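The values are calculated or read from the model by the stated rules, or taken from the named source; none is laboratory data. Treat the numbers as computed from the prediction; the structure is a model and nothing was measured. Positions of Cβ are backbone-derived with ideal geometry, glycine not excepted, and every protein chain shown enters the neighbour counts. Quick note on the areas: whole protein, heavy atoms, side chains included, nothing else; ligands and nucleic acids left out. Shrake-Rupley method; radii C 1.70, N 1.55, O 1.52, S 1.80 Å.
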Amino acid sequence: MKLKTVFVIILCSFLISCESKTNKRSFFAMNTHITIKSTCGKNKSANREIEQKFYNLEKLISTTAPISEVYLINNNSGTVKLSDETFFLAKYALDGAVKTNGKFNPALYPVIRAWGFTTEDYKIPSDIEISQLLELTDFSKIKLDAETKTITMPEKMMLDFGAIGKGFAGDEAIRILKENNVPSAILDLGGNIQVLGKNLETGEPWKVGIRNPYEDGVAVSLKVTDCAVITSGGYERFFIGKDGKKYIHIFDGETGRPVENNVVSSTIVCEKGIYGDFLSTTLFVMGKEKAIEFWKENRDFDFIMMFDDLTLCYTAGLKDKIDFLTDFNKIEIIQ
């Protein structure tokens, strides 16, 4: 009993001392507002380093900044030498495209740009224009050379790492925090949440809310530690066309059009942010049945999907971590 009492006192002292050492840093990068809250360790210097890391990554993978490597790739046909980080993203994205049979496609940028999602000058391209642009999205034609760290692009083809860039940046942030002996942190990367350890202010797992796609507020909360919680939703960016239809920013690579299915929100819970980023988009495009099939073939992540009929499904690994804050018509557990 004495040993147990001493341990509790030490733990409480640790929590109290760490609570006063929480550092919060907010900034804007990669087209989103980012907040990092970290406790203990060299957290202040770590948070500053993370902010600089985000700016540096943005300079590498921005599709619009002329100084970026992605801009160079997209505006120079032929072979381009890449940094280790950009090469890693290119390989990850192209491997993911192969793994998902193109449901995830980093070469869709010409199509997405034609719809105005890169400039917010929205329009509905003609069927002929879409058909012509789809000819520029065959990712199998892009060649990577691991030895020379180069990429070779056919003329007029373009890449965009927007669907995995924030996840990769989040993973880099977690790496920096660990290197600075920070045991506890939560990162809000504009829809991407990544957590390190537990919440030392409460001694409990982090409580992460998932946005309600039907109305304001939170639909679901999760109790998590050491993981990424990444959500893609049709509510994030969209426009209403002259035809009165809603067009979202998530695209179907086969049609060259925004996805039209009954999914309204796709959330991934996994170890790495880049994997969660990749999967949240991919499963949204796949739809419920193919998403379940993909999960059963891999099982190295969990997911939650919400649908336009106010129903929800989630994988069994989240059963003891999930709380429902909305009255769904039906909730299904995927085993």
Hey, among 45, 38, which residue is part of a strand (DSSP E or B), of a type in the set (Gly, Ala, Ser) and within 19 Å of residue 172 (Cβ to Cβ)? 38
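Can you go through 234, 190, 167 and tell me which one is under 21 Å from the mean Cα position of the chain (by Cα) and modelled with pLDDT of 95 or more? If you could, list the steps in order and put the result at the bottom.
Working: 234 fails: modelled with pLDDT of 95 or more; 190 fails: modelled with pLDDT of 95 or more.
Answer to the selection: 167.
Filter the range 259-283 down to the residues that are out of contact with any strand residue (DSSP E or B) (no Cβ under 7 Å at 6 or more places or on another chain) and in contact (Cβ under 8 Å) with a residue 24 or more places away in the chain, then identify the one that is nearest to residue 295 (Cα to Cα).
The initial filter retains those residues of the range 259-283 that are out of contact with any strand residue (DSSP E or B) (no Cβ under 7 Å at 6 or more places or on another chain), namely 260-261, 274-275, 278, 282.
Keeping just the survivors that are in contact (Cβ under 8 Å) with a residue 24 or more places away in the chain gives 261, 274-275, 278, 282.
Details: 261: 19, 274: 17, 275: 13, 278: 13, 282: 11 Å.
Residue satisfying both the conditions and the ranking: 282.
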Residues of the range 66-96 being under 15 Å from residue 160 (Cβ atoms), more than 19 Å from the chain's Cα centre (by Cα) and open to solvent by 30 Å² or more (accessible area, probe 1.4 Å), in sequence order, are 69, 71, 72, 75
Part of a helix (DSSP H, G or I), touching a helix residue (DSSP H, G or I) at 6+ places or on another chain (Cβ under 9 Å) and either open to solvent by less than 10 Å² (accessible area, probe 1.4 Å) or among the acidic types (Asp, Glu) (or both): is that true of residue 267 in this structure? no
All but one of (1) surrounded by 15 or more Cβ atoms within 10 Å (Cβ to Cβ); (2) part of a helix (DSSP H, G or I) hold for residue 182, so report the exception by its number. (2)
Quick one: is residue 256 open to solvent by less than 10 Å² (accessible area, probe 1.4 Å), on the phi < 0 side of the Ramachandran plot and in contact (Cβ under 8 Å) with a residue 60 or more places away in the chain? no
